[in-house]
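Asker: I'd like to ask you about the structure that follows.
Read-outs: derived from the displayed coordinates by stated rules, not from any lab. Keep in mind the model is a prediction, meaning the values are calculated, not measured. Note: ideal-geometry Cβ built from the backbone for every residue, glycine included; neighbour counts use all protein chains shown.
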């Protein structure tokens, strides 16, 4: 009896703390929404002036922000880069992970594994200047070059995840197919690739989140192409917002909406994916 | 059978060669080129000469570089501690028997999916306008001007924004750690009188040390490479007080005519990252063995 009462009490404390803590997350978002809908004339220097609800819920700021930042084009670029990077990562990294995971006894493949995985320690800071030159020389200073770079940057992490996952998949599955005369290549696509589905989900989530929000790679590679991704557009058009914070916040909110929608729909997969990626 | 073995070997090789070539082309080669540039006086354009170790010698006497290392390391250390303490508390709360667990976990993870550049811009406004206005209202004069415009306080703003996003990530990693602790451990501990802080210190924490290690490695590495938050909040200012290493390399290397010099800086930075990561992994694996 005594035990249940203490449990009940700690629940309530935890509940209260959690609800209070939630304000640290809700407040910045509330502030963003309110400012995005207001007109500059409604913004006074007092707290109540900044944080009160807008008099009219007008979409004018959003229309203007879309025009100024070339929103649809940036969104298209972001989507194109994210979707293609995720697709290519799943295909290429799983193949590489499979090859390296199935050849743990070979000195050569073990070396290749260490070689690729140690790429995780290479900070982008050391690659960015040579890569800016190299992609320009190769005619890859565009969205396609950015995708190629992402496939390389996330290879260490994803290959490690795939080859680790492969240790749980018995070799007997492939041997059965081999008896039927199927080639290694066919066996991979028919049997192994579908079995690795949970790992595909993890790889898709962590790669998509990282790519969608990345600023540095497009900033350095696409600088001369006059094309933007969604985050890059916020950076490049910062000066055009000037002191019109309402316009700026409308633009910030627009750039956050796609990922928020994605999160609301796939929350479970995202949480699982992120945990799997970090813990494995 | 041996025909099949050959086919298998050939397939593996045909998979490996193009992928490895891609990796070498965009990771290994630029890494080597970066290292080579660090021995030149290249400005990013025009001609250049070999200068031997000149850049490295200059690097250690350059006040601006030294300042950026101090700032970045201070930021990484303080943020890592703040983030891990708060994440552990959050994880314990979210793992206790509460209602609407799924909702709370989902809501508290939200900051992590948002782009750090835009989050930085939003907080920039918060520190510049909201906090001073609040301070005026409540009479806290020390906060009446923006902390981002104070060379001694701006790093705190950067720290808060980094922490706001990282806590979300570290919390769910700690939660998945707490879920690996079987219920009967607590029951057995409860019989021995281990409750509250004692229970946490002697029972829970030792069991989630692997997750603690993951979080430490993640935190330190990410915060040492901090870039987006700097560009959105302070652009390295005021008075270069918040110039992170990545930001300095980007700013002076890409457009400041210091391509060669900042390449040397990047090489040193790379070595620092490797040394810290390897040391952390060694340390945490020895900790885990002790248990």
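Asker: On alpha carbon coordinates alone, what is the Rg over Rh value for the stretch B:126-280, Rh being the Kirkwood radius? Walk me through the intermediate numbers first.
Answerer: On the way: Rg = 21.3 Å, Rh = 18.9 Å.
For the stretch B:126-280, the value is 1.12.
Asker: Specify the angular offset, from 0 to 90 degrees and rounded to the nearest 10, of the alpha carbon long axis of helix A:71-101 from the longest principal axis of the alpha carbons in chain A.
Answerer: The answer is roughly 30 degrees.
Asker: Label residue A:29 and residue A:48 with points 7 Å out from Cα along Cα→Cβ: what is the distance between them in nm?
Answerer: 2.7 nm
Asker: Taking each residue in B:11-20, count the Cβ atoms of any other chain within 10 Å of its Cβ, then average. What number comes out?
Answerer: That works out to 6 on average.
Asker: Quick check: Cα centre of the stretch A:28-60 to Cα centre of the stretch A:157-212, how many Å?
Answerer: Using only Cα atoms to place each centre, the spacing works out to 50 Å.
Asker: Just to confirm the number: angle between the C-alpha axis of helix A:197-213 and the first principal axis of chain A, 0 to 90 degrees, nearest 10?
Answerer: Approximately 40 degrees, to the nearest ten.
Asker: Once you keep just the Cα pairs under 8 angstrom separated by 6 or more residues, what percentage relative contact order results for chain B?
Answerer: 30 percent
Asker: Give me a single rounded figure for A:130-142: the average over its residues of other chain Cβ atoms within 10 Å of their Cβ. Walk me through the numbers on the way to the answer.
Answerer: Values: counts 13, 7, 5, 6, 5, 2, 0, 0, 2, 0, 1, 0, 0.
Averaged over the peptide's residues, the number is 3.
Asker: Separate question: Tell me the mean residue ellipticity at 222 nm calculated for chain A from its helices only (DSSP H runs of n ≥ 4, each -39500 (n - 2.57), averaged over every residue, nearest 500).
Answerer: Rounded to the nearest 500, it is -24000 deg cm²/dmol.
Asker: How long, wide and thick is the stretch A:122-196, going by the Cα atoms along their three principal axes, in whole angstroms, largest first?
Answerer: 50, 23, 14
Asker: While we're looking at this one, here's another question. Give the angle, between 0 and 90 degrees and rounded to the nearest 10, that separates the Cα long axis of helix A:155-166 from the longest principal axis of the Cα atoms of chain A.
Answerer: So the helix axis and the longest Cα principal axis differ by about 60 degrees.
Asker: Another question, if that's okay. If R0 is 51 Å, what FRET efficiency do you get for residue A:226 and residue B:143 from their C-beta distance, rounded to 0.05?
Answerer: The value I calculate is 0.80.
Asker: Express the relative contact order of chain A as a whole percentage, based on alpha carbon pairs under 8 Å and six or more residues apart in sequence.
Answerer: 30 percent
Asker: Rank A:156, A:130, A:54 by mean-square fluctuation in a GNM of chain A with C-alpha springs under 10 angstrom and give only the top-ranked residue.
Answerer: With Cα springs under 10 Å in chain A, the top fluctuation among A:156, A:130, A:54 is at A:130.
Asker: So what is the orientation-averaged projected area of the stretch B:20-147, using the convex hull of its C-alpha atoms, in nm²?
Answerer: With the hull built on Cα positions only, its mean projection is 15.1 nm².
Asker: Compute the orientation-averaged projected area for the stretch B:174-252 from the convex hull of its Cα atoms and round it to one decimal in nm².
Answerer: So the mean shadow area of the Cα hull is 7.2 nm².
Asker: Provide the FRET efficiency to the nearest 0.05 for the residue A:191-residue B:25 pair, computing r from the beta carbons and using R0 = 25 Å.
Answerer: Given R0 = 25 Å and the Cβ-Cβ separation, E is 0.20.
Asker: What FRET efficiency would be calculated for the residue pair residue B:200, residue A:180, taking the C-beta separation as r and a Förster radius of 45 Å, to the nearest 0.05?
Answerer: With R0 = 45 Å, the Cβ-Cβ based efficiency is 0.20.
Asker: Now, a different point. Report, in whole Å, the centroid distance computed from the Cα atoms of the stretch B:2-33 and the stretch B:211-236.
Answerer: Computed from Cα coordinates, the inter-centre distance equals 33 Å.
Asker: May I pose another question? Measure off 7 Å from each Cα along the Cα-to-Cβ vector at residue A:167 and residue B:192, then give the distance between these two points in nanometres to one decimal.
Answerer: 3.0 nm
Asker: Between residue B:62 and residue B:274, what is the label-to-label distance in nm when each label sits 7 Å out along the Cα-to-Cβ direction?
Answerer: 2.0 nm
Asker: If you take the C-alpha gyration tensor of the stretch B:235-291, multiply each eigenvalue by 5 and take the square root, what semi-axes do you get, largest first, in whole Å?
Answerer: Over the Cα atoms of the stretch B:235-291, the semi-axes work out to 33, 14, 6 Å.
Asker: Subtract the Cα-Cα distance of residue A:110 and residue A:67 from 0.36 nm times their separation in residues, and report this length gain in nm to one decimal. Could the numbers behind the result be given before it?
Answerer: Values: separation 43, 0.36 × 43 = 15.48 nm, distance 5.21 nm.
10.3 nm is the gain from fully extending residue A:110 to residue A:67.
Asker: Per the Kirkwood treatment, what hydrodynamic radius in Å, one decimal, follows for the stretch A:1-108 from the mean inverse distance over all distinct Cα pairs?
Answerer: Numbers: mean 1/r = 0.0498 Å⁻¹.
Final number for the Kirkwood radius of the stretch A:1-108 is 20.1 Å.
Asker: Arrange the peptides B:79-88, A:34-43 so that the one whose residues have, on average, the most other Cβ atoms within 10 Å appears first.
Answerer: Ranking, from highest mean packing down: B:79-88, A:34-43.
Asker: Another question, then. Viscosity 1.306 mPa s, temperature 10 °C: what is the translational diffusion coefficient of the stretch A:196-271 from Stokes-Einstein with a Kirkwood Rh over Cα pairs, rounded to a whole number of µm²/s?
Answerer: 112 µm²/s
Asker: Right, next: Enter the mean projected area of the convex hull around the alpha-carbon atoms of the stretch B:165-205, in nm², rounded to one decimal.
Answerer: For the stretch B:165-205, the mean projected area of the Cα convex hull comes to 3.0 nm².
Asker: Rounded to two decimals, what is Rg over Rh for the stretch A:82-154 when you use alpha-carbon atoms and the Kirkwood radius?
Answerer: On the way: Rg = 14.2 Å, Rh = 13.7 Å.
Computed over Cα atoms, the ratio is 1.03.
Asker: Which residue, B:203, B:70, B:94, has the most motion in a Gaussian network model of chain B that connects Cα atoms within less than 10 Å?
Answerer: Result: B:203 has the largest fluctuation of those listed.
Asker: Given 10 Å bins starting at zero, what is the percent of C-alpha pairs of the protein assembly as shown in each, up to the one with the largest pair distance?
Answerer: 3, 15, 25, 26, 19, 9, 3, 0, 0
Asker: If each DSSP helix of 4+ residues adds -39,500 (n - 2.57) and the sum is divided by the residues in chain B, what number results at 222 nm, nearest 500 deg cm²/dmol?
Answerer: Taking each H run of at least 4 residues, the total per residue is -22000 deg cm²/dmol.
Asker: Given bins 10 angstrom wide, list per bin the percent of all Cα-Cα distances in chain A, short to long.
Answerer: 6, 21, 25, 22, 16, 9, 3, 0
Asker: To two decimal places, what compactness ratio does the stretch B:77-154 give when its Cα radius of gyration is scaled by 2.2 N^0.38 Å?
Answerer: Expressed relative to 2.2 N^0.38 Å, the Cα Rg reads 1.42.
Asker: Could you work out the mean count of beta carbons from other protein chains within 10 Å of each residue's beta carbon in B:94-103?
Answerer: 4
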